[in-house]
Amino acid sequence: MSIPVELYSATEDHTVHFNQFQRGTSDRIRYKRVNERTGREVPYEKIVKGHEVENGEYVVVEPEELDEIAPGRSRTLDIEAFVDIDEIDPVHFQKTYWLGPAKPEFSRPYLLLAQAMKKSNRAGIAMFVMRGKQYLTALTEDKGILAVHTLFFADEIRRPKDVLDVPPEGRAPRGKELDMAVSLVESMADDWRPKDYRDTYTERVNKLIRAKQKGRKIKVEDEPAEATGVVDLMEALQRSVEASKKKRGKKVS
């Protein structure tokens, strides 16, 4: 199944980006491509890529060789299967794009597919090529619009047991201890409202820049509270539940 599509980024980065300067001057710091043996700068057209296959041994690949095997840019999204959305582990999701029909005449099949996917709670799994790279993607419906999410391939996902320095051990909690933990979660239950959360660090960076531009000093933010060493989990959970209920104006039982 193929659909002529146009791809649009669904997100934008608000991170404040900086250039580098030598302290006390207005001199920009710029990076050069330098030969580590001769110390001389190398023009871009004379640079090739090398992949290390053994300790200190590289296979050199020319740009033309990469171009020859690179997949062409996709003009269609080729759906290979439809799967239950709930079966896709969130760890696979990478980046989201809005998907639009390539031409007005493709709007009806576009809308028909969107509604069918919404009703069936399924995502279309497809391969897609963009900027010389092939992606595994999941096509989903979002308020009448199709969204395509680039996914990590299975062999790109790291297993927790391979990366956790201190993996959790012991028997699974149960009984009163588990009931208290559930009570904590339920006492702090709320609706998901994305607009309630914002990047306060970027806001402070922008505030700092504006203040320095005007020659003003900025108030130093308080240090975040340090984590406490919890020994008695039951006591810690009880305090958290009580504090949460008081904050919400509920009577502690």
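Summary table
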quantity: Accessible area per residue, Å², segment 1-70 with all protein chains present, probe 1.4 Å; calculated: 97 Å²
quantity: In Hz, Karplus ³J(HN,Hα) per residue of segment 87-93 (6.51, -1.76, 1.60; θ = phi - 60°; x = Gly, Pro); calculated: 7, 8, 5, x, 4, 6, 6
quantity: GluC sites (Glu not before Pro) lying in DSSP loop within segment 20-90, provided at most 13 other Cβ fall within 10 Å; calculated: 36
quantity: Accessible surface, per residue, of segment 105-152 when the full set of protein chains is kept, probe 1.4 Å, Å²; calculated: 54 Å²
quantity: Amide H contacts of residue 102 (H built 1.01 Å from N, under 5 Å, at least 5 apart or other chain); calculated: 5, 6
quantity: Fraction of accessible area attributable to carbon and sulfur, segment 70-167 (%, probe 1.4 Å); calculated: 55 percent
quantity: Chymotrypsin sites (Phe, Trp or Tyr not before Pro) within segment 151-202: DSSP coil, no more than 11 neighbouring Cβ in 10 Å; calculated: 153, 192, 197
quantity: GluC sites (Glu not before Pro) restricted to DSSP loop in segment 150-186 with at most 16 other C-beta within 10 Å; calculated: 169
quantity: Karplus (6.51, -1.76, 1.60) ³J(HN,Hα), θ = phi - 60°, over segment 132-141, in Hz, Gly and Pro reported as x; calculated: x, 10, 8, 10, 8, 9, 10, 9, 10, 9
quantity: Under 27 Å, Cα to Cα: Lys pairs in segment 68-167, sequence gap 8 or more or different chains; calculated: 12
quantity: Whether segment 32-149 is rounded, prolate or oblate, judged on the alpha carbon gyration tensor where a/c under 1.5 counts as rounded; calculated: prolate
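The values are calculated or read from the model by the stated rules, or taken from the named source; none is laboratory data. Only a predicted model underlies this, so the values are computations on that prediction, with no experimental measurement involved. Here the Cβ is made from the backbone with ideal geometry for all residues, glycine too, and neighbour counts use every protein chain on show. With ligands, DNA and RNA removed, areas are computed over all heavy atoms of the protein, side chains included. Shrake-Rupley method; radii C 1.70, N 1.55, O 1.52, S 1.80 Å.
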